[in-house]
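The values are calculated or read from the model by the stated rules, or taken from the named source; none is laboratory data. Nothing here was measured: the structure is a model prediction, and the numbers come from that model. Because the Cβ atoms are built from the backbone with ideal geometry, glycine has one as well, and the counts that use them run over all protein chains shown. Quick note on the areas: whole protein, heavy atoms, side chains included, nothing else; ligands and nucleic acids left out. Shrake-Rupley method; radii C 1.70, N 1.55, O 1.52, S 1.80 Å.
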Amino acid sequence: MEEVDILMATYNTKIEYLKKQIESILSQTYKEINLLISDDCSPNKEVEKTLEEYAKKDKRIEVTHKENAGVSAARNTGVEKAKGEWITFVDADDWIEKGLCSILYIKARQNDCEIAMCGYSRVVGSSSEVINFKEKETILNSKEYLIAALNPQTGVGFCHTKLIKKTVINEIRFQEKLKVGEDAIYNEMIAKNITKAIYVKEPLYNYRINMNSVVKRFDENYVKKYLISMESNKKYIFEVYSNQEEIIQNYYNYVAFHVMLIAVNYCYNPENKRKNKENSLKEVCKNSIFKEGLEQCNYDNLSLTRKITLFTLKHKLYLITGLICKVRQMQNRRK
């Protein structure tokens with residue numbers, strides 16, 4: 001049996017969440033696993049204590065305490081230490097089903113795939129919703145995987161929910177300067193190293209929605225962080241795929257999707273103290289990268305509500321965009 005290294009980055013995670021994730025990993029039916037934990041200098045000393053206690057109990061657990069440098073640096077530490085033939089990433093506040101490693105490993109080997117990925121449950125409080133981007137088990141080639149990673153609604157751009165053959169990763173690392181979108185770009189980069197990836201519909205990963213995450217919470221530098229991410233994404237896509245129109249189109253759609261995120265989570269966030277939130281949105285849409293994304297995008301692979309929101313942005317119907325964003329913020333606050 002080949003070894004699977006499970007890489008987990010943690011920073012100030014709630015102890016109850018941390019324990020639930022670790023227990024779910026140790027309960028895997030696939031036994032040839034190693035749990036490599038990168039603790040990003042959690043200020044909560046209870047986190048460090050808990051990790052060390054688990055490491056003493058189970059020799060498969062290795063804990064690295066490092067200076068705070070962000071989740072990308074923590075994940076890169078895990079990749080550097082990984083010795084197994086396969087890698088899977090998990091977040092410390094989520095948890096996995098006991099068959100995740102075994103099911104994905106078997107599917108990958110049976111179908112000669114370098115990546116096996118699964119559906120997931122989106123957990124909000126005590127409720128959950130199963131998310132599948134394919135209606136049945138599906139094999140994707142390199143291009144199909146890349147396009148799926150560029151579509152945030154598929155979940156393929158996440159670094160978790162998948163088992164990855166270590167030879168695919170090679171020297172590819174997470175870009176540590178990025179604070180958002182780093183996992184999508186990572187998946188875009190590994191796409192060129194695969195021939196096949198298999199998607200398994202079964203929801204084997206439980207993804208806990210955190211309203212205080214980098215994506216959701218208000219931050220004065222929110223737009224700047226996304227702009228840096230989009231610039232890095234554009235640089236990579238246009239350097240590697242400059243002659244492939246379908247991929248370029250999906251890049252534009254990717255940018256437009258994130259303008260919608262910015263509109264909801266920054267421009268019309270109740271914590272944004274700017275009196276004229278519409279002007280805040282207009283400023284975002286004037287930025288050259290965001291403007292280009294909105295102008296060049298189409299409505300492929302979007303839900304109806306997002307198609308409507310995108311239509312209002314493309315046609316500068318900012319008053320209607322604002323109303324949609326306010327409703328979305330109200331929905332978020334009730335979760």
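From the list THR77, THR88, THR29, the one residue that fits, being polar (S, T, N, Q), open to solvent by 10 Å² or more (accessible area, probe 1.4 Å) and in contact with a strand residue (DSSP E or B) (Cβ under 6 Å, 6 or more places away or on another chain), is THR77. Looking across VAL130, VAL123, one residue alone is open to solvent by 50 Å² or more (accessible area, probe 1.4 Å) and either β-branched (Val, Ile, Thr) or free of Cβ contacts under 8 Å to residues at least 12 places away in the same chain (or both). It is VAL130.
Conditions tested, residue by residue: (1) open to solvent by 10 Å² or more (accessible area, probe 1.4 Å); (2) outside any helix (DSSP H, G or I); (3) of a type in the set (Asp, Glu).
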{"residue": "LEU163", "(1), (2), (3)": "no, yes, no"}
{"residue": "THR167", "(1), (2), (3)": "yes, no, no"}
{"residue": "LYS177", "(1), (2), (3)": "yes, yes, no"}
{"residue": "ASP183", "(1), (2), (3)": "yes, no, yes"}
{"residue": "GLU188", "(1), (2), (3)": "no, no, yes"}
{"residue": "ILE228", "(1), (2), (3)": "yes, no, no"}
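Those helices (runs of 4 or more DSSP H) of segment 239-302 in which 3 or more residues are under 18 Å from HIS315 (Cα atoms) and in contact with a Cys (Cβ under 7 Å, 6 or more places away or on another chain) occupy 245-262, 277-286. If you go through segment 261-298 and keep only what is among the hydrophobic types (A, V, I, L, M, F, W, C), surrounded by fewer than 22 Cβ atoms within 10 Å (Cβ to Cβ) and in contact with a Ser or Thr (Cβ under 9 Å, 6 or more places away or on another chain), you end up with just VAL264. Residue pairs whose Cβ atoms lie under 7 Å apart, separated by 6 or more positions or on different chains, with the first residue in segment 265-289 and over 19 Å from VAL180 (Cβ atoms) and the second surrounded by 13 or more Cβ atoms within 10 Å (Cβ to Cβ) and of a type in the set (Gly, Ala, Ser), are ARG274/SER280; LYS277/GLY322; GLU278/GLY322. For GLU182, the conditions (1) under 27 Å from TYR299 (Cα atoms); (2) out of contact with any helix residue (DSSP H, G or I) (no Cβ under 8 Å at 6 or more places or on another chain); (3) touching a residue at least 60 places away in the same chain (Cβ under 8 Å); (4) not aliphatic (A, V, I, L, M) are fulfilled apart from (2).
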